[in-house]
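Encoded as structure tokens, the structure appears first; notes follow it.
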Number of protein chains: 4
Amino acid sequence: MKILILGDIVGRPGRNAVANQLSHLREEYKPDLVIVNGENASAGRGLTEKNAKELFELDIDVITTGNHVWDKKEILTYIESYPQLIRPANYPDPCPGKGYTIIHKGETTIGVINLSGVVYLSNLTNPFHTIDKILHEISKQCNIIILDFHAEATSEKLAMGYYCDGRISLVYGTHTHVQTADKRILNGGTGYITDIGMTGPLDGILGVDKDIIIQQMQNNRPARYDLAQGPVQINGIITEINEETGKCQSLDNFIRIIEE
Amino acid sequence: MKILILGDIVGRPGRNAVANQLSHLREEYKPDLVIVNGENASAGRGLTEKNAKELFELDIDVITTGNHVWDKKEILTYIESYPQLIRPANYPDPCPGKGYTIIHKGETTIGVINLSGVVYLSNLTNPFHTIDKILHEISKQCNIIILDFHAEATSEKLAMGYYCDGRISLVYGTHTHVQTADKRILNGGTGYITDIGMTGPLDGILGVDKDIIIQQMQNNRPARYDLAQGPVQINGIITEINEETGKCQSLDNFIRIIEE
Amino acid sequence: MKILILGDIVGRPGRNAVANQLSHLREEYKPDLVIVNGENASAGRGLTEKNAKELFELDIDVITTGNHVWDKKEILTYIESYPQLIRPANYPDPCPGKGYTIIHKGETTIGVINLSGVVYLSNLTNPFHTIDKILHEISKQCNIIILDFHAEATSEKLAMGYYCDGRISLVYGTHTHVQTADKRILNGGTGYITDIGMTGPLDGILGVDKDIIIQQMQNNRPARYDLAQGPVQINGIITEINEETGKCQSLDNFIRIIEE
Amino acid sequence: MKILILGDIVGRPGRNAVANQLSHLREEYKPDLVIVNGENASAGRGLTEKNAKELFELDIDVITTGNHVWDKKEILTYIESYPQLIRPANYPDPCPGKGYTIIHKGETTIGVINLSGVVYLSNLTNPFHTIDKILHEISKQCNIIILDFHAEATSEKLAMGYYCDGRISLVYGTHTHVQTADKRILNGGTGYITDIGMTGPLDGILGVDKDIIIQQMQNNRPARYDLAQGPVQINGIITEINEETGKCQSLDNFIRIIEE
Ligand SMILES: [Fe+2]
Ligand SMILES: [Fe+2]
Ligand SMILES: [Fe+2]
Ligand SMILES: [Fe+2]
Ligand SMILES: [Fe+2]
Ligand SMILES: [Fe+2]
Ligand SMILES: [Fe+2]
Ligand SMILES: [Fe+2]
């Protein structure tokens, strides 16, 4: 089974890029499943129901999120209606929404999990404990298991990759908005990449106007984050997982630049 | 002028890899200048005088460092004797050592600068103010200027890249030990990559034994960091800078795996 | 000279308490100078021009601030018109406003300085370097010098107290909104207290509704901070400084509870 | 029942002060139970078995700890042999030692709990969830319940105080080493103070030599922490709890200075 995954979609530029380019990516890669990270899809912070619907209308199978998941408050009430929109599983109970979802594609059952790191981020439940708990629940029923580990520190992401090696099909990172060059298949058969990057303005800083961020780093005063304009990048990965063994057979990362 | 740069050398495995492979890399890339980051070269933390000497004996031109620079205390006294060993320039004055060095190669004068980020790291002097000050001092005398920006956050690194665009030849990041896939030449002619990665054990976590780090992330208790064993990776970049214009003409990243 | 200082004024409850009680405190303590911290005076975050004016109309001599100083954006433009409203001196240049002010009372010249800590707070210019620079500028012209060190960590505040001992009259802390019990006169004659506390709702958490904060600490999701209601506390200190020597002669802290 | 509690004992100066003064404090306050925080008792970091024994030989009933609990590695193996030596309950399972202990004094059963905050500290299990779980286990069997909440942020400590109000007898904070002036009995009958302070060198910074800390804050380089010398302070609280109702009837804080 081939799976196409796109990094954090940032604002309207990111949503437009997905709307316009996903069909081309499908033609090229022939994915059986498409996953995107939507935590920044609405004006750079959070995800409105309207924008979630638009993404699902593109036949995206799963939307994962991250630390910005609650930035648009309406998600607290609408998330329960969209089981394929998931939030980091390690928010403490009780919490709206689910931290994983189970998808059926023909004979194949795929579990998609979302977790947040805790290093330099909020103090959520220990993600290593949470993944054990979830795998205990879903491993038997799933042929393939995919984890979006939304985290800052490379150490925490690598640790999660090794920790899951041999137990799940793929661990990929999101959150830094910069794609890493370290994709590989670990010894136990788990595909791994530290960060798949972002989908949104190219000449910005994580999607935000670069002059705003530079000024803020010079003056240390709060600022309003407007998104950058101009060309857009689509960062993602394409992976092939064996449905019988659940092992990762190939993993490739890509960065596409869309000129205006 | 061609410049070869290697990411954070971690411990003996990293030092051995450099000692054994640098001549092959030289043959392949024909660099005119070689820079390495040495902050983790001695047992994973800091740099002894002995290890610094060994690296310079390989005809490495400049050793940059980072937040671990002071971990071996002897560097406080010996660093002044090695002008081509530099430490982040934004440690407050007075501080042993220098934050940049000037190298002469034939007719060409090259400035190499080392700065530390402040996001998720120590509260040093603002790096954007420091780079302005240094460029004011050295820009006129240098044909080429290179910056090792040792920082954690992708936002801070990208901001520094854009901030220096058109003013220096190359901004590259170190510290996360994971190479990024985002190398490019910015509009003003500055080469940029968020992180060039590390040189040391492949099957570890930033070079450290993976089981130690996983356990620590599970139990949140202090641990002793032993280095990982097994195959070694060499992460780096090769860039070509025009000596007349100081602009980056090409930039490529590489990861070499050395089986035992 | 007697100086009365009140801790961070939080919102309308805090402003009302000052408006209603300051005359009583003046009768009781007969201060020659009154200083308040106003960083939270407007709805708990920042300070509007209207609220700053109201405080100055109560004959408050100096308003200091802290990390929330820029939360109401209008201060960026109006602060320059109010030299007795100061912001942390260690924001990097250029920055609107001043980090200290000089007051004349009869024959006595008083310097009031505001600094921010950097531990667990923004990465501003090193406060120990900044205080040296300011003292170099103003020590000769001032009989008395007072420092509001707005900081989180007790270690950083104590370090600043000792660092200034014998060089200025008083170092007091703000920011934690909880008054400490450690006031004393250091060996060099400098009065010191780690934190003077806050002026605002008593049965809240730093002034904010306690249920909001408890819920946020349980669920780790963003929340809107409404202020607490009910009785109000006024936290402050009264100190007597010798105008000839600049030494602190007495220092007392107080907490007043104002029932509704 | 009267309970005497002393703040973080720092090194030999702190241990000596307790050894020499505890009998005087007992005479004065007539406590039925004595609790001390021992996380810094051995050279400022951690607690050796030898030092733990010495403290228990003074008839101290319970030793609580905090973030430095594991700094002397031997505690990992000996802690299980001393049920009255406890560590923060919210270290994830499995973890050596216990997070609470049950003491019997005549007819009265007292539960003493130790928790760590997570703001600006390690990412442990959510302390608000952990306290609920522990109270569910022990509330019925205890007449009196005491909590040492070892935390940095005043907001987190106040939140825990209110959260436990009416459910336990006393919530007191440790860790900042500076005593706060905010002790009070909350509406539900729970005694509360944000921090009880420390027991150790007076003219230091949290017990450490002040010049070392000042220099480190000036130069941002690592340093070895030697303890301060000279007079010693004993910070603590004395509280009276009603054995029938479990309510706090009185709470007083004290700071004693012991000249050499
Ligand atoms: Fe994101
Ligand atoms: Fe994120
Ligand atoms: Fe490094
Ligand atoms: Fe580093
Ligand atoms: Fe405040
Ligand atoms: Fe503040
Ligand atoms: Fe402590
Ligand atoms: Fe502590």
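Given points 7 Å out from each Cα along the Cα-Cβ axis, report the C:Ala223 to B:Lys30 separation in nanometres with one decimal.
Spacing of the two 7 Å Cα→Cβ label points: 6.6 nm.
Would you mind computing, in nm to one decimal, how far apart the modelled labels at D:Asp203 and C:Asp203 are, each placed 7 Å from Cα along Cα→Cβ?
Label at D:Asp203, label at C:Asp203, 4.6 nm between them.
What percent antiparallel are the DSSP beta bridges of the stretch B:39-165, to the nearest 5?
The antiparallel proportion sits near 45 percent.
In the Gaussian network model of chain C, springs joining C-alpha atoms below 10 Å, which of C:Glu49, C:Glu39, C:Glu107 carries the largest mean-square fluctuation?
C:Glu107
Sort out for me the Cα centre separation of the stretch A:192-217 from the stretch B:169-219, rounded to whole Å.
Computed from Cα coordinates, the inter-centre distance equals 17 Å.
In the stretch D:77-163, what trypsin sites (Lys or Arg not before Pro) fall in a loop by DSSP, with at most 14 other Cβ atoms inside 10 Å?
Qualifying residues, ordered by number: D:Lys140.
Tell me which residues come under 5 Å, amide H to amide H, from D:Asp226 once H is placed; ignore anything under 5 positions away on its chain.
D:Asp209
Between A:Leu47, A:Leu115, A:Leu25, find the one with the highest GNM mean-square fluctuation for chain A; connect C-alpha pairs within less than 10 Å.
Among A:Leu47, A:Leu115, A:Leu25, the largest mean-square fluctuation in the Gaussian network model of chain A belongs to A:Leu25.
Determine which residues of the stretch A:144-165 fall in the zone a paramagnetic label at A:Asp132 would reach in this model, i.e. backbone nitrogen under 14 Å from the point 7 Å along Cα→Cβ.
It comes to A:163-164, nothing else.
Keeping to pairs on different chains or 8 or more places apart, tell me how many lysine pairs in the stretch C:2-258 have Cα atoms under 18 Å apart.
So the count works out to 18.
Once you keep just the Cα pairs under 8 angstrom separated by 6 or more residues, what percentage relative contact order results for the stretch D:70-224? Intermediate values should be presented prior to the final figure.
On the way: 269 pairs, mean separation 21.6, N = 155.
Relative contact order for the stretch D:70-224 comes out at 14 percent.
Return the FRET efficiency for the residue pair C:Arg256, D:Arg45: r is the Cβ-Cβ distance, R0 is 51 Å, and the value is rounded to the nearest 0.05.
On the way: r = 40 Å, r/R0 = 0.78.
Computed FRET efficiency for C:Arg256 and D:Arg45: 0.80.
Please state the relative contact order of the stretch D:2-57 as a whole percent: Cα pairs under 8 Å, 6+ residues apart?
Normalised by residue count, the contact order of the stretch D:2-57 is 47 percent.
Based only on other Cβ atoms within 10 Å, what is the fewest-to-most ordering of C:Thr109, D:Thr199?
Going from least to most buried by this count: C:Thr109, D:Thr199.
Just to be sure I understand the model, the point goes 7 Å from the Cα along the line to the Cβ. What's the resulting D:Phe56 to A:Asp93 distance in nm?
In this crude spin-label approximation the distance works out to 3.7 nm.
How shielded is C:194-201 by partner chains, expressed as the average number of their Cβ atoms within 10 Å of its Cβ atoms?
For this peptide, the per-residue mean of nearby foreign Cβ atoms is 2.
Helix B:154-164 versus the longest principal axis of chain B: what is the Cα-based angle in degrees, 0 to 90, to the nearest 10?
Long axis of B:154-164 versus the principal axis of chain B: about 20 degrees.
Would you tell me the mean number of C-beta atoms belonging to other protein chains that fall within 10 Å of each C-beta in B:153-161, as a whole number?
6
Which of these, B:Gly200, B:Gly230, B:Gly173, has the largest mean-square fluctuation under a Gaussian network model of chain B (Cα springs below 10 Å)?
Largest GNM mean-square fluctuation: B:Gly230.
Enumerate the amide H contacts of C:Met198 below 5 Å, restricted to partners 5 or more residues apart or on another chain; note that Pro and chain-start residues carry no placed amide H.
C:Gln179, C:Asn235
Roughly how many Å is it from the Cα centre of the stretch A:81-157 to that of the stretch C:1-40, as a whole number?
51
Could you please point out the chain C residue with its Cβ nearest to the axis of the rotation taking chain C onto chain A, and the distance in whole angstrom?
In residue-and-Å form, the answer is C:Tyr120, 7.
R0 = 45 Å: FRET efficiency of B:Glu244 with A:Ala19, Cβ-based, nearest 0.05? Could the numbers behind the result be given before it?
Values: r = 45 Å, r/R0 = 1.00.
Between B:Glu244 and A:Ala19 the formula returns 0.50.
Averaging sequence separations of C-alpha pairs under 8 Å and six or more residues apart, then dividing by the length of chain A, give the relative contact order as a whole percent.
Averaging sequence separation for qualifying contacts and normalising by length gives 19 percent for chain A.
All of the numbers you see were taken from the coordinates with simple rules; none came from a lab. Since the model is a prediction, treat every value here as computed from it, not as a measurement. Positions of Cβ are backbone-derived with ideal geometry, glycine not excepted, and every protein chain shown enters the neighbour counts.
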